[in-house]
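Each reported figure results from applying straightforward, stated rules to the coordinates on display, with no laboratory input. None of the values given here were measured: they were computed from a predicted structure.
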Ligand SMILES: [Mg+2]
């Protein structure tokens, strides 16, 4: 993998968490751009508007449109369904539901840098 070439869509309604995630992603050295979205609807808009997003990090519990709904929309959309999606969870019980709807990986909040790097490597080898 070349350094700092990835474009990541980060989706979380908690803006402090979103900023933290952005700075962690940029610090990995693999990511050149982080697109931020504050809910699922916002995220779908970015996915439709850009074709250079390499993977997304997706919170589950969000207002307007939650992460499970995003998974359903993305996996049903011919042009988006291959998008690698890492789900951000605090609640273990949401994992099986997210997996059923097509999540590729999981990160448990609070997110650790080493776990984040491990997931980035997994997603980019898909
Ligand atoms: Mg949330």
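Quick notes
- Length released on extending from residue 75 to residue 121, taking residue separation times 0.36 nm less the Cα-Cα span: 14.4 nm
- With Cα atoms as the point set, the radius of gyration and Dmax of the stretch 6-124 evaluate to 12.7, 33 Å.
- For the stretch 1-75, the square roots a ≥ b ≥ c of the C-alpha gyration tensor eigenvalues yield an a/c of 1.5 or more together with a/b not exceeding b/c, which makes the shape oblate.
- Isotropic mean projected area of the C-alpha convex hull, the stretch 46-88 (nm²): 2.9 nm²
- Pairwise centroid distance, computed over Cα atoms, of the stretch 91-126 with the stretch 4-74, Å: 13 Å
- Result for the chain in a Gaussian network model with C-alpha springs under 10 Å: among 34, 11, 73, the largest mean-square fluctuation is at 73.
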